[in-house]
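Computed from the coordinates by the stated procedures, all read-outs in this text should not be read as laboratory data. Note that the structure is a prediction, hence the values are computed from the model and not measured. So basically every Cβ, Gly included, is an ideal-geometry build from the backbone, and we count neighbours across all protein chains shown.
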Amino acid sequence: MTPKIMRQLWSVVETAQANTLLQLDDATLVQWLVKQTKTQALLDCHETDFLSDYVQSRLSLIRDIVDERQCY
């Protein structure tokens, strides 16, 4: 996964509505984040799979960031 794709993913996390992200279950959250990132970057199937695995492995961090942002 390129640094550009990684930046785009974290940009999606930062700009998405916190309530929306927190209401999604894990599988749906992974799918939603991958889909949103794919709209900003052309990804081949390997990059999409890697991004999906990466998001899955970072779900706790993503939820913590979103939850913290919601408090402000």
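For the reader, a short list of remarks on this structure follows.
- Restricting the range 28-53 to residues that are surrounded by 14 or more Cβ atoms within 10 Å (Cβ to Cβ) and aliphatic (A, V, I, L, M), the residue that is nearest to the chain's Cα centre (by Cα): Leu33
- Candidate set from the range 59-72 (those that are loosely packed, with under 13 Cβ neighbours inside 10 Å and of a type outside the set (Ser, Thr, Tyr)); member that is farthest from Ile5 (Cα to Cα): Cys71
- Answer residue from the range 3-53, given it is touching a residue at least 12 places away in the same chain (Cβ under 8 Å) and in a loop (DSSP other than H, G, I, E, B) and is nearest to Asp67 (Cα to Cα) among those: Ala16
- Check on Gln56, part of a helix (DSSP H, G or I), in contact (Cβ under 8 Å) with a residue 12 or more places away in the chain and loosely packed, with under 14 Cβ neighbours inside 10 Å: no
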